[in-house]
Amino acid sequence: MPAWRAQRLDALPPYLFVEIDRRKKAAIAAGKDVINFGIGDPDLPTPGFIVERMAAAIRDAANHQYPAGIGSPDFRRAAADFCRRRFGVALDPEREVIALIGSKEGLGHVPLATVNPGEVVLVPSPGYPVYEAATIFAGATPYRMLLREADVWLPRLDDIPADVGRAAKLLFLNYPNNPTGACAPRAFYERAVAFARQHELLIVHDAAYSELFLDPAHAPVSILEVPGAAEVAIELHSLSKTFNMTGWRLGFAIGHAGALASLAAVKSNVDSGPFNAIQQAAIEALRQSSHRDVVACREIYRQRRDIVVDSLRKLGIAVQSPQATFYVWARCPDGYASLEFAARVLEEAAVVIIPGVGFGQAGEGYFRMALTVPADRTREAFARLERVRWW
Ligand SMILES: *Cc1c(COP(=O)(O)O)cnc(C)c1O
């Protein structure tokens, strides 16, 4: 019998969480009280005002038919209005906004839509694994830009070798960043836009965490705030993390009209767009993006962040307090490789953390904790960790 497994699947980087996953399942099966800081999926429900809008939308039979693949005109206008209010960015909703079935769907399809086999795609490392996987699916070659703590997790664009710069067609960026929690200042985006012009490449900026800022004085900026950026960049937004809507599957892409048209051409052959009712609920969400329920969620993440950061420091673990995202990225205690440390934390305390190496070799020596665990359970996890003799 053939295995029915394409070679391109074997070209994907290995999935390094298998062993941790196996041990986690074994701990749960053994009846252990596992506390999971692993998955980046909000534990809080979607705010009621969005759920109510959805309930009404789902009863409207007009919504039961195929949606417009690139999103309804109303949804695209609401997304453009949101970007104008939030970032001061003016967009033409007909050419510069398209709906996505979650931003991951868009990230997965962008290389298919914009690069040719054999071309080079610049991806951050450590980074969200989708950038590299999507590059490989498109037959292109990923080039990993190392992110270092000393550079506050921004890539050194000047260090990219000239031949790589010439061959590169796409540059993936992601700020606020998963897994490091780092934010990029406006000056970095200006530098990136200049780099893209110089090398004639397209920037794909993943802004899934732009609204998950934990300090209201430091709301992240959009790359499209840089003058001329829409000539060299697209930016992907997501309803998932902002509104606790990961299960709903809705995002949108903004920026370069030609790149978005190419993306729409791929999508029209693969999917038929997001459910109309979800788009209508999302219009309400975007209109009320400062609703008290949304602000309250950020406040909850901020409290959890402070507990996690303080508790890690008490354990003697070096950590920067993130200004955005719901991730804390910290250094493993001396002498521990990240897989080994995650395994020991699970073994000794029934606590799940993600080893940094899972985000690429450049993440070795670090681990990630998602702030998706309630405060009392977070304190319980650290009470257990404090009882362990680590070194
Ligand atoms: C969660 C996440 C996304 C995906 O969001 P969806 O809109 O739910 O597909 C994209 N990028 C990063 C870095 C993420 O962590």
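The values are calculated or read from the model by the stated rules, or taken from the named source; none is laboratory data. Predicted model only: the values in this text are computed from it and were never measured. Neighbour counts run over all protein chains shown; Cβ positions are idealised from the backbone, glycine included. Accessible surface is based on the protein model in full, side chains and every heavy atom, while ligands, DNA and RNA are left aside. Shrake-Rupley method; radii C 1.70, N 1.55, O 1.52, S 1.80 Å.
Quick notes on this structure:
- Compared with the direct C-alpha span, the chain from ALA219 to ASP376 gains 53.7 nm at full extension, assuming 0.36 nm per residue.
- The chain: antiparallel DSSP beta bridges as a percent of all, rounded to 5: 45
- Cα-derived Rg over Rh, computed across the stretch 229-321 with Rh taken as Kirkwood radius: 1.13
- Within the chain, helix-based [θ] at 222 nm, where runs of 4 or more DSSP H residues each add -39,500 (n - 2.57), nearest 500: -12000 deg cm²/dmol
- Counting only protein heavy atoms and using a 1.4 Å probe, the accessible area of ASP81 comes to about 60 Å².
- Under a 5 Å amide H cut-off, with hydrogens placed 1.01 Å from N, ILE203 pairs with LEU171, ALA233, ILE234 among residues at least 5 apart or on other chains.
- When all protein chains stay in place and ligands, DNA and RNA are ignored, the 1.4 Å accessible-area order of LYS25, LYS32, largest first, is LYS25, LYS32.
- Ordering THR180, THR246 by accessible surface, largest first, gives THR246, THR180; the 1.4 Å probe counts only protein heavy atoms, with every chain in place.
- For VAL319, distant residues with modelled amide H under 5 Å away: none
- A straight line joining the Cα centroids of the stretch 4-58 and the stretch 91-141 runs 22 Å.
- Shape of the stretch 153-309 from the C-alpha gyration tensor: oblate (a/c of 1.5 or more and a/b not above b/c, with a ≥ b ≥ c the square roots of its eigenvalues).
- Rounded, prolate or oblate (a/c below 1.5 giving rounded, otherwise prolate when a/b exceeds b/c) for the stretch 83-173 by Cα gyration tensor: oblate
- Put simply, the C-alpha atoms of the stretch 48-287 give a gyration tensor, and the ellipsoid matching it has half-axes of 30, 20, 15 Å, longest first.
- Heavy atoms of TRP329: accessible area, 1.4 Å probe, square angstrom to 10: 10
- Of the listed residues VAL51, VAL121, the order by accessible area with a 1.4 Å probe, largest first, is VAL51, VAL121.
- ARG5 accessible area, 1.4 Å probe, all protein chains in place, Å² to nearest 10: 130
- Length available on full extension from ALA150 to LYS32: 0.36 nm per residue minus the Cα-Cα distance, which gives 38.6 nm.
- Loop-resident sites, the stretch 185-285, for GluC sites (Glu not before Pro), counting at most 16 other Cβ within 10 Å (DSSP): GLU200
- Amide H contacts under 5 Å for GLU119, placed H, 5+ residues apart: THR141
- Length added when fully stretched, GLU299-GLN198, from 0.36 nm per residue minus Cα-Cα: 32.2 nm
- Compactness of the stretch 30-118 as Cα Rg over 2.2 N^0.38 Å, two decimals: 1.52
- Our coupling estimate for the stretch 322-336, obtained by passing each phi through the Karplus curve with A = 6.51, B = -1.76, C = 1.60 and θ = phi - 60°, is x, 7, 8, 6, 10, 10, 10, 10, 9, 7, 5, x, 3, x, 9 Hz, Gly and Pro reported as x.
- Unit Cα scatterers, Debye sum, the stretch 86-128: log10 I(q)/I(0) for q = 0.18 Å⁻¹: -0.81
- On the basis of the beta-carbon distance and an R0 of 41 Å, GLN7 and ALA265 show a calculated FRET efficiency of 0.95.
- About the Cα centre, charge dipole magnitude for the stretch 254-391 (Lys/Arg +1, Asp/Glu -1 at Cβ), debye: 280
- Taking θ as phi - 60° and the Karplus parameters 6.51, -1.76 and 1.60, the scalar couplings of the stretch 177-191 work out to 9, 9, x, 7, x, 6, 10, 9, x, 3, 4, 5, 5, 4, 4 Hz in sequence order, x denoting glycine and proline.
- Dimensionless Rg over Rh [the stretch 328-389; C-alpha; Kirkwood]: 0.96
- For the stretch 194-202, the Karplus equation 6.51 cos²θ - 1.76 cosθ + 1.60, evaluated at θ = phi - 60°, returns couplings of 5, 4, 5, 5, 4, 9, 6, 10, 9 Hz by residue, with Gly and Pro reported as x.
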